[in-house]
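For reference, the structure discussed in these notes is given below.
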Amino acid sequence: MSETIDAKNLTKIYRRGREEIYALNDVDIRVSNGEFVSIIGPYGSGKTALLNVLGCLDTPTRGSLRLNGIETSGLKEKDLVRLRRDNIGFVFQQFYLIPTLTARENIELPLLFSRKNGNRSRIDEILELVDLGNRSEHLPRQLSGGEMQRVAIGRALINDPKIILADEPTGNLDSGTSKKIFDLFRELNNHGLTLVVVTHNLELARQAHKMYTLRDGQIVRCEDLACVLGRNDLKVQLEVV
Ligand SMILES: Nc1ncnc2c1ncn2[C@@H]1O[C@H](COP(=O)(O)OP(=O)(O)OP(=O)(O)O)[C@@H](O)[C@H]1O
Ligand SMILES: [Mg+2]
């Protein structure tokens, strides 16, 4: 399988006065095309820092990142923006919806900033996919938390990304709603989308093909869960990196 994400020796150092904070410390991570990966770890372990670097929202202090075979270090800002826009959809814990726009308009919004106007025809398809066909004209305040997150997922899908990066997408949702959001992620994954999802919910994290554990900016464990899901006959491997 080809690597959608191939990151080596990723290090992210934040400076606070004289103090250096290693948010990421020599992280190697590879995500294959069509894979569903979850990332868990304690507060402050570097999960958001990792997603931000993988999604080119932030640049690493050191290390290399290839996205769909393209080396990102050294790319100019405008090329990085294009690479991000064409390949990656983001989902966050706070849904970041525009309160005065309907569900449909929120999902359409990224099209304003892309050249993929043809995708306007996809909006109804996406509304169905995220199960909001009958909520499309509602404003965010007229929607439940789970529905708002579905709008945010729809918005992440409108540019036909190859990868979705989600940072605690169920952090504001109750357990039943969280489960349904993960069901949607699995469905999207079955459609071929590559997913990297950060979560504090171990039960949900274990629905992925692979689960990475971060601690103090380092990957301390990678569990292969594919056989648990019955997707192939690999044995569960516990690999301490
Ligand atoms: N802009 C910043 N400046 C300085 N330090 C930062 C900055 N952003 C993050 N950090 C530090 O980097 C480390 C990793 O932070 P990060 O937000 O990635 O953790 P996290 O695993 O996402 O935590 P949480 O579970 O609370 O979301 C922490 O020690 C944090 O304090
Ligand atoms: Mg975080």
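What follows is calculated from the coordinates using simple rules that are stated; it is not laboratory data. Because the structure is a prediction, the values reported are computed rather than measured. No Cβ is skipped: glycine too gets one built from the backbone with ideal geometry, and neighbour counts run over all protein chains shown.
Assuming 0.36 nm per residue, please report the length gained on full extension of the stretch residue 2 to residue 138 beyond their Cα-Cα distance.
Working: separation 136, 0.36 × 136 = 48.96 nm, distance 4.01 nm.
Taking residue 2 through residue 138 to full extension adds about 44.9 nm, to one decimal.
So how tilted is helix 77-87 from the main axis of the chain? Cα-based, degrees 0 to 90, rounded to 10.
Its long axis makes an angle of about 70 degrees.
Kindly rank 190-202, 136-148 from highest to lowest mean number of other beta carbons found within 10 Å of each residue. Write out the running numbers ahead of the final one.
Details: 190-202: 18.5, 136-148: 15.8.
So the order, starting with the most tightly packed, is 190-202, 136-148.
Using the Cα centre as the reference, give the magnitude of the dipole from point charges on the C-beta atoms of the chain (Lys, Arg: +1; Asp, Glu: -1; all else neutral), rounded to the nearest 20 debye.
Details: 33 positive and 32 negative charges, 106 e Å.
Dipole magnitude for the chain comes out near 500 debye.
Could you work out how far helix 175-190 tilts from the main Cα principal axis of the chain, as a 0 to 90 degree angle to the nearest 10?
Approximately 80 degrees, to the nearest ten.
Going by C-beta contacts inside 10 Å, put 224, 28 in order with the fewest on the left. Each step should come with its number before you reach the end.
Numbers: 224 17, 28 14.
By the 10 Å Cβ count, ascending, the order reads 28, 224.
To the nearest 20 Debye, how big is the dipole of region 13-115 about its Cα centre, given +1 on the beta carbon of each Lys and Arg and -1 on that of each Asp and Glu?
Numbers: 14 positive and 12 negative charges, 41 e Å.
Its charge dipole is roughly 200 debye.
Which of the peptides 17-24, 73-80 is most tightly packed, and how do the rest follow, judged by the mean count of other Cβ atoms within 10 Å per residue? Walk me through the numbers before you get to the answer.
Values: 17-24: 13.8, 73-80: 11.5.
So the peptides 17-24, 73-80, ranked by packing, come out 17-24, 73-80.
Any chance you could count the Lys pairs in the chain whose alpha carbons are under 26 Å apart, treating pairs 8 or more apart or on different chains as valid?
Number of lysine pairs found: 29.
Indicate, rounded to the nearest 5 percent, the antiparallel portion of the DSSP beta bridges found entirely in the chain. Before the final figure, lay out each step's value.
Details: 26 of 44 bridges.
Once the DSSP bridges in the chain are tallied, antiparallel ones form about 60 percent.
For helix 145-157, report the angle its Cα long axis makes with the longest principal axis of the Cα atoms of the chain; keep it between 0 and 90° and round to the nearest 10°.
Orientation of helix 145-157: about 80 degrees from the principal axis.
Given the rule -39500 (n - 2.57) for each run of at least 4 DSSP H residues, summed and divided by the residues of the chain, what is its mean residue ellipticity at 222 nm, to the nearest 500 deg cm²/dmol? Before the final figure, lay out the partial values.
Numbers: 7 runs with 65 residues, N = 241.
Result for the chain: -7500 deg cm²/dmol, rounded to the nearest 500.
Kindly rank 56-65, 40-49 from highest to lowest mean number of other beta carbons found within 10 Å of each residue.
Numbers: 56-65: 17.3, 40-49: 18.8.
By packing density, highest mean first, the sequence is 40-49, 56-65.
If R₀ is 30 angstrom, what is the calculated FRET efficiency for the pair residue 19 and residue 77, using the beta carbon separation as r and rounding to 0.05? Before the final figure, lay out the partial values.
Working: r = 28 Å, r/R0 = 0.93.
Here the calculated transfer efficiency is 0.60.
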